[in-house]
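Quick notes on the structure that follows.
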Amino acid sequence: MALSPAQWKRRQNITIACGVCACVVAYTGVFVWAFISRASPFAREIASLVAAEDWPAIIDRTTLALDAGDERREECLYFRGFGHVQMGDFRAALSDMASAGSYGPWPGWPNARAYREMLADATAPLPEHPEPIYGSDGRLLYYLHYDQLAPWTEAMGEHQRLSFEFLERLFGVRMGPVHVYLFNNWGPFERAFTALGGTQPRSWQAGTATSGCVLLCRTFSDGTPSTSQHPAEMAGLTCHEWTHLLLRQQVGPLDKWLDEGLAYWAGDQAVLRWAGRRPINWLGSRALDLGVLNDPFTYYDPAIATDAYAQASGMTEALIGRMGPQGVPQFVKLLKQHGDVDAALTFGWGIDSEDLLEEWKASRTSIQGGQGR
Ligand SMILES: [Zn+2]
């Protein structure tokens, strides 16, 4: 069973966990998709509650299911986590997210471990007290939740606010109000990632977005704590995560390579805008086929994630090279109309994803040996 884009617009429940220098996967989104796709009566009931944004009912219903020993424990926990996030109970949401990560196909995934460590640290202050942030026209843009773990500055707040409107102009659409939680869990994440992947993460950012909520963390591998020293990069991260949210609000689930690629592009544009320079990009060491590139779990595997992100952003750059930045809003419209990446590409430019893959491979060959993109 597949949902139409219109149906998906009502079900923008998705989690994006971002890892090494990048965003890792719509992990929960995959679960939501698989969950709803099964179309059991329970799944349909939850889907309708999500559509109605009835978060208390979702918490009640999933709690009942868990108490009754429902085998879809992971999905229940994620949905309950969404409910808690939406209702502002950050600690309860972390608890559900951490527990859910124990049941997935990759039980040790870094974010789940990081959440568990944050919860175990009784002294860790968690975000509360949302601050409404308004746009230049007085419109409510988002609610900001943050704490002293993620030092905030006035300059960064201004970057973020302007970035929200910048992103909307970039894509030619408007986003509904969202919640942004900012925290720093670099320590737990670094330990978890090192244990899992055997290597140090470079710098890390993470985002989790439900229908209208983004969780953000970022720390830099030079030891700079969290966000305060890097307002432009923080705006870039925020734009990256907001792009995932925006695309799901507008289009529904996308092919993974394009979802990450567009988020990368938007984040780069924000850094370019606010810092006056491009972020450092890198060349992947290998070319992956589309099947691997569209497999969400690729982006959780420390051995391959960096290559996958490099390739997704490279292919998207090849696409934007064809249409130009002004063509991006048009492309979003085509995606909405066609509900399918290849159909939109064919309609707009007479190409498909495989063509872009070949184009990317050719451009990669021509610059290999240089200093990277
Ligand atoms: Zn991402």
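Just so it is clear, none of the values below were taken in a lab; they were calculated from the coordinates. Predicted model, so just to flag it, every value in this text is computed and none were measured. Here Cβ is always computed from backbone atoms with ideal geometry, including for glycine, and neighbour counts include all displayed protein chains.
Before moving on, here are some points about what is shown:
- Once backbone amide H atoms are built at 1.01 Å from N, Val178 has Tyr142, Tyr143 as its partners under 5 Å, excluding neighbours fewer than 5 places away on the same chain.
- Order of Ser99, Ser48, Ser363 - criterion: other Cβ atoms within 10 Å of each residue's Cβ, fewest first: Ser48, Ser363, Ser99
- Cβ crowding within 10 Å averaged over residues, with 248-255, 338-345 ranked highest first: 248-255, 338-345
- Each residue of segment 305-316 was assigned a 3J(HN,Hα) from its phi angle through the Karplus expression (A = 6.51, B = -1.76, C = 1.60, θ = phi - 60°), giving 4, 4, 4, 5, 5, 4, 6, 4, 6, x, 5, 5 Hz with x at Gly and Pro.
- Listing Arg116, Arg169 from fewest to most neighbouring C-beta atoms within 10 Å gives Arg169, Arg116.
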